[in-house]
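What follows is a set of notes on a single structure, which appears directly below.
Please treat every number below as a calculation from the coordinates, not as lab data. Bear in mind the structure is a predicted one, so any value in this text is a computation, not a measurement. Ideal geometry is used to build each Cβ from the backbone, glycine not excepted, and the neighbour counts take in all protein chains shown.
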Amino acid sequence: MTTQNNNQDQFLGRFKAEKTNVIVFLINGFQIKGVIEDFDESTVCLFSQEKQHLIYKHAISTFTIDDSE
């Protein structure tokens with residue numbers, strides 16, 4: 001479990017530091033595009049369309065870089 005959290009922290013930390021545009025795929029199929037503002041052990045704060053979204057990690061399926069811009 002520790003390795004998984006370290007991998008998550010590395011990816012999320014890099015996305016946050018570089019202000020990378022990402023697409024967050026949720027387990028219900030919904031997609032949110034935005035920039036990661038912050039994260040902790042159980043949540044990710046995403047800035048998208050002039051709003052902040054607090055997303056629980058257990059609801060996230062995948063992150064990918066948004067190359068559309």
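Which length gain, in nm to one decimal place, applies between SER42 and ASP66 when the Cα-Cα distance is subtracted from 0.36 nm times their residue separation?
Value of the extension gain: 6.4 nm.
Can you list the HN-Hα couplings for region 22-39, worked out from phi with the Karplus curve (6.51, -1.76, 1.60; θ = phi - 60°), rounded to whole Hz and with x for Gly and Pro?
Ordered by residue, 3J(HN,Hα) equals 10, 10, 9, 9, 8, 5, 8, x, 5, 10, 10, 9, x, 10, 6, 8, 6, 7 Hz.
Given (i) 33, 27, 20; (ii) 46, 28, 22; (iii) 42, 29, 21, which label gives Cα extents along the principal axes in Å as computed from the coordinates?
Step by step, Cα extents along the principal axes in Å for this structure corresponds to label (i).
Kindly express, to the nearest 10 degrees and within the range 0 to 90, the angle between helix 2-17's C-alpha long axis and the longest C-alpha principal axis of the chain.
Taking Cα atoms only, the helix is inclined about 30 degrees.
Note down the relative contact order for the chain as a percent, whole number, built from C-alpha pairs under 8 angstrom at least six residues apart.
Taking the mean separation of contacting Cα pairs over the length of the chain, I get 29 percent.
Please identify every one of the GluC sites (Glu not before Pro) in region 1-61 that sits in a loop by DSSP and has no more than 16 other beta carbons within 10 Å of its own beta carbon.
Passing sites in region 1-61 are GLU18, GLU41, GLU50.
Treat the count of other C-beta atoms within 10 Å as a stand-in for reagent exposure and order LEU12, LEU26, LEU46 from fewest to most.
In order of increasing Cβ crowding within 10 Å: LEU26, LEU12, LEU46.
So what's the back-of-envelope 222 nm ellipticity for the chain, counting only DSSP H runs of four-plus at -39500 (n - 2.57) apiece and dividing by all residues, rounded to 500?
Taking each H run of at least 4 residues, the total per residue is -7500 deg cm²/dmol.
What residues qualify as long-range amide H neighbours of ASP38, i.e. H under 5 Å apart, gap of 5 or more or another chain, H built at 1.01 Å from N?
Excluding prolines and chain starts, which carry no amide H, the hits are CYS45.
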